[in-house]
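Trainee: My questions all concern the structure below.
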Amino acid sequence: MEGAREMIRTGLAVAVLAFAATALVAQSDPIAARKALMKANGDQNKVATEMLEGKRPFNVDEAKKVLATFAEAGEKAPALFPDDSKTGGDTAALPAIWENKADFQAKLAKFAQESKAASNATNDLDSFKIQITEVRKNCGGCHQTYRKRTS
Amino acid sequence: MLRKLVIFAVILAVIGAAAFWLITMPASVPASALAPYAPNLENGARMFHAGGCASCHATPKQEDKTRLGGGLALKSPFGTFFTPNISPDGKDGIGNWSEADFLTAMWKGTSPDGSHYYPAFPYTSYQRMKMEDVRDLFAYLKTLPPVEGKPRDHDLPFYLKIRRLLGGWKFLYLNGRQFQPDPAKSAEENRGAYLVNGPGHCAECHSPRNPLGGVIVSERFAGGPDPEGGDGWIPNITPAGIGDYSQRDIERILETGEMPNGDSVGGPMAAVVSEISKLSNEDRAAIAAYLKSLPPVKGPKRP
């Protein structure tokens, strides 16, 4: 009993610490934090393409993880563009983000929400294909207007 | 002696003015050059998507990309251009144009009233297009909804408002040659070459330009600084830049905008992809095959 309580307490402490650390990184270096989110999206998106093109066997958990990663990015990103993060850290973010903050955040919210819905609607390769194709249409929405030209 | 010098100077000036006048005279396509023709609307739509006409001419922030009221601001080192209305509206668009007017615009960069268009309108690429393709495109544009309203004038320094001077630019950069297939390339690569260099006008963004705004021929497709300013960079699309992309990778980019690293294309390329994605798989494969066949060219050094 005492041992279990101790474990829960330790677990909680670790969780709180981990959360605080993440929040701290996000706060101290939002540019690095948002770049990491986008990098994760890209990596997961590659996994999705490999499944869609038959280069990797379809796995429903992996498919849902792709969409969960997208949803997480959509939820966390809005807080990672504070006014003091317009430049530096090799950011590709354009000033247009801060000039159209409401639109930018609405687009991220839509991305998060559609990613979650897509995850719920995914149960096999066919449904995954339909869902992720729709979700991916969100990418260009921000990359067209809010990201510096690199591609 | 002085008298002779003055006469000589006057003669030189007259010859110079005459040469300037001749060189800068806006060229046109005479209606007599057009044989009777039944346009192919399906091919016209293909040319419309290959050219990405909507990317510049659809009124910004509008879902319907077939309403071509213009008004998009195109920044450049010379000033800001505002794209014109090319909807079939009789008053503000091209509704009253003849086929010869349209060919003249696309091939010669000259407006129906006989003045030069700025090369922000990429006629340097469109001059390569086949006459049938241009006529099909014109017929297709005529089927789109008319949109009223003229966008504002270009925002340019006063000396660039003298359009006659553009005749000099055209003398340097517009040679009037239509596309010629390269016998050393496959039929697929030649189809790609046509789409890329003609309607697709890829080189207009993906090449560095000289101070006069002409594409640097030896570095065609090698990318360079973003002409719209900022510190963006237009990627090199020769094998020196995307040599590690497979044929399939390039097709996927053109179809879905997804790059091999899982990222998605951004900036104006997102709009380009939304149009190119409407082409057939064969046409996209042809574009990819052509890009793969280009010699690798190192462009300007990225800072």
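The values are calculated or read from the model by the stated rules, or taken from the named source; none is laboratory data. The shown structure was predicted, so the numbers you read here are calculated from the model rather than taken from an experiment. So basically every Cβ, Gly included, is an ideal-geometry build from the backbone, and we count neighbours across all protein chains shown. Note: areas computed on protein heavy atoms with side chains; ligands, DNA, RNA excluded. Shrake-Rupley method; radii C 1.70, N 1.55, O 1.52, S 1.80 Å.
Trainee: Mind listing whichever residues of the stretch A:72-119 are farther than 20 Å from B:GLY267 by Cα, in contact with a Lys or Arg (Cβ under 6 Å, 6 or more places away or on another chain) and among the aliphatic types (A, V, I, L, M)?
Mentor: A:LEU80
Trainee: Inside the stretch B:34-45, can you point out the residues that are touching a helix residue (DSSP H, G or I) at 6+ places or on another chain (Cβ under 7 Å) and either exposed (fewer than 14 other Cβ atoms within 10 Å of the Cβ) or assigned to a helix (DSSP H, G or I) (or both)? Spell out how you get there, then give the answer.
Mentor: To start, the set of residues in the stretch B:34-45 that are touching a helix residue (DSSP H, G or I) at 6+ places or on another chain (Cβ under 7 Å) comprises B:34, B:37, B:39-41, B:43-45.
B:TYR37, B:LEU41, B:ASN43, B:GLY44, B:ALA45, listed by residue number.
Residues are listed down the side, and each one gets a yes or a no for (1) part of a helix (DSSP H, G or I); (2) touching a residue at least 40 places away in the same chain (Cβ under 8 Å); (3) open to solvent by 80 Å² or more (accessible area, probe 1.4 Å); (4) under 30 Å from B:VAL134 (Cα atoms):
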site	(1), (2), (3), (4)
B:ARG3	yes, no, yes, no
B:PHE8	yes, no, yes, no
B:VAL14	yes, no, yes, no
B:ALA17	yes, no, no, no
B:MET25	no, yes, yes, yes
B:VAL29	no, yes, no, yes
B:SER32	yes, no, yes, yes
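Trainee: Kindly indicate the residue of the stretch A:43-99 that is aromatic (Phe, Trp, Tyr) and within 17 Å of the chain's Cα centre (by Cα) and also farthest from the other protein chains (Cβ to nearest Cβ) among those meeting that condition. Walk me through it before giving the result.
Mentor: Here is the first cut: in the stretch A:43-99, the residues aromatic (Phe, Trp, Tyr) are A:58, A:70, A:81, A:98.
Restricting the remaining residues to those that are within 17 Å of the chain's Cα centre (by Cα) gives A:70, A:81.
Values: A:PHE70: 11, A:PHE81: 16 Å.
Applying the filter and picking the extreme gives A:PHE81.
Trainee: Which is in a helix (DSSP H, G or I), among the acidic types (Asp, Glu) and buried (at least 21 other Cβ atoms within 10 Å of the Cβ), of B:GLU255, B:GLU189, B:GLU282, B:GLU251? Give the steps one after another, and end with the answer.
Mentor: Details: B:GLU255 fails: buried (at least 21 other Cβ atoms within 10 Å of the Cβ); B:GLU282 fails: buried (at least 21 other Cβ atoms within 10 Å of the Cβ); B:GLU251 fails: buried (at least 21 other Cβ atoms within 10 Å of the Cβ).
On inspection, the qualifying residue turns out to be B:GLU189.
Trainee: Working carefully through the options B:GLU258, B:GLU228, B:GLU219, find the one that is within 19 Å of the chain's Cα centre (by Cα), within 14 Å of another protein chain (Cβ to nearest Cβ) and closer than 23 Å to A:LYS148 by Cβ.
Mentor: Working: B:GLU258 fails: within 19 Å of the chain's Cα centre (by Cα); B:GLU219 fails: within 14 Å of another protein chain (Cβ to nearest Cβ).
Result: B:GLU228 is the single residue among B:GLU258, B:GLU228, B:GLU219 that is within 19 Å of the chain's Cα centre (by Cα), within 14 Å of another protein chain (Cβ to nearest Cβ) and closer than 23 Å to A:LYS148 by Cβ.
Trainee: Starting from the stretch B:43-55, take each residue that is over 15 Å from B:ASN197 (Cα atoms) and list its partners that are assigned to a helix (DSSP H, G or I), counting only C-beta distances under 6 angstrom and pairs at least six apart or across chains.
Mentor: Once the first residue is over 15 Å from B:ASN197 (Cα atoms) and sits in the stretch B:43-55, its partners that are assigned to a helix (DSSP H, G or I) give B:ASN43/B:ASP136; B:GLY44/B:ASP136; B:GLY44/B:LEU137; B:GLY44/B:ALA139; B:GLY44/B:TYR140; B:ALA45/B:TYR140; B:SER55/B:ALA271.
Trainee: Starting from the stretch A:39-68, take each residue that is of a type outside the set (D, E, K, R) and surrounded by fewer than 19 Cβ atoms within 10 Å (Cβ to Cβ) and list its partners that are modelled with pLDDT under 95 and assigned to a helix (DSSP H, G or I), counting only C-beta distances under 8 angstrom and pairs at least six apart or across chains.
Mentor: Listed pairs, sorted by first residue: none to list.
Trainee: Can you pull out every residue in the stretch A:114-146 that is within 14 Å of chain B (Cβ to nearest Cβ), open to solvent by 40 Å² or more (accessible area, probe 1.4 Å) and under 17 Å from the mean Cα position of the chain (by Cα)?
Mentor: A:THR133, A:GLU134, A:ARG136, A:LYS137 - these are the residues of the stretch A:114-146 that are within 14 Å of chain B (Cβ to nearest Cβ), open to solvent by 40 Å² or more (accessible area, probe 1.4 Å) and under 17 Å from the mean Cα position of the chain (by Cα).
Trainee: Output the number of residues of the stretch B:231-245 satisfying the condition of being within 14 Å of another protein chain (Cβ to nearest Cβ), open to solvent by less than 20 Å² (accessible area, probe 1.4 Å) and either among the polar types (S, T, N, Q) or not in a loop (DSSP other than H, G, I, E, B) (or both).
Mentor: Residues in the stretch B:231-245 being within 14 Å of another protein chain (Cβ to nearest Cβ), open to solvent by less than 20 Å² (accessible area, probe 1.4 Å) and either among the polar types (S, T, N, Q) or not in a loop (DSSP other than H, G, I, E, B) (or both): 1 in total.
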